[in-house]
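Below: one structure, written as structure tokens.
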Amino acid sequence: MGWDAFATKGGKDLERDWHLGENDAKRPEILDKGLARAFRKAAKMATEKAGLHDWLLPIGGLDCSGAAEMLERVGIDAWGNNLSAAEVGAINEAADWGFLFHVNEGELGYYWSARMFLETCAKNNLGIRFSW
């Protein structure tokens, strides 16, 4: 099992539903429509900026260890303890994403996915749970 991060509300993972989509591909969906919209918008922004996004971003998560490394660069211990909504807000407020100009082109998807994930969690008063 690899590294993952998931948005939490009140210390619990966001509620998701798995359903069959096109070509019988299972795709999860956040049940809270407002949060579902917020994370889909975050994924769209990451794609516009980098050409791609972490596949878990539209459902309130991150899957790539490259995204973990970007979170670490703004002060998050991505292999550490889970973060409360208050901690996420404080970290987001202090985050300096100015290192964008030192990110390799192949890492832009990690950068923008991590940034949009953190900002979306902060704007929606969500915590973050890490697993590995």
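Key figures for this structure:
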read-out	value
Test result for GLU48, at pLDDT 95 or above and either within 19 Å of GLY127 (Cβ to Cβ) or not polar (S, T, N, Q) (or both)	yes
Filter result for ALA86 (crowded, with 20+ Cβ neighbours inside 10 Å, out of contact with any Asp or Glu (no Cβ under 7 Å at 6 or more places or on another chain) and at pLDDT 95 or above)	no
Segment 64-119, subset touching a Leu at 6+ places or on another chain (Cβ under 8 Å) and not hydrophobic (A, V, I, L, M, F, W, C), residue farthest from HIS53 (Cα to Cα)	ASN92
Counted residues, segment 66-80 - those being crowded, with 18+ Cβ neighbours inside 10 Å and touching a residue at least 60 places away in the same chain (Cβ under 8 Å)	4
Every pair of residues 6+ apart whose Cβ atoms lie under 6 Å, when the first sits in segment 35-49 and is within 11 Å of PHE117 (Cβ to Cβ) while the second is among the aromatic types (Phe, Trp, Tyr) and surrounded by 18 or more Cβ atoms within 10 Å (Cβ to Cβ)	ALA46/TRP112
Some residue of segment 52-59 being under 14 Å from TRP3 (Cα atoms), touching a strand residue (DSSP E or B) at 6+ places or on another chain (Cβ under 8 Å) and in contact (Cβ under 8 Å) with a residue 40 or more places away in the chain	yes
Of all residues making up segment 20-45, the number that are at pLDDT below 95 and either surrounded by 10 or more Cβ atoms within 10 Å (Cβ to Cβ) or small (Gly, Ala, Ser) (or both)	7
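Per-residue answers, yes or no, for (1) buried (at least 23 other Cβ atoms within 10 Å of the Cβ); (2) within 14 Å of GLU69 (Cα to Cα); (3) in contact (Cβ under 8 Å) with a residue 24 or more places away in the chain; (4) under 14 Å from the mean Cα position of the chain (by Cα):
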residue	(1), (2), (3), (4)
ASN82	no, no, yes, yes
ASN92	no, no, yes, yes
HIS102	no, yes, no, no
TYR110	yes, yes, yes, yes
LEU126	yes, no, yes, yes
ARG129	no, no, yes, yes
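The values are calculated or read from the model by the stated rules, or taken from the named source; none is laboratory data. Computed from a predicted structure; not experimentally measured. Here the Cβ is made from the backbone with ideal geometry for all residues, glycine too, and neighbour counts use every protein chain on show.
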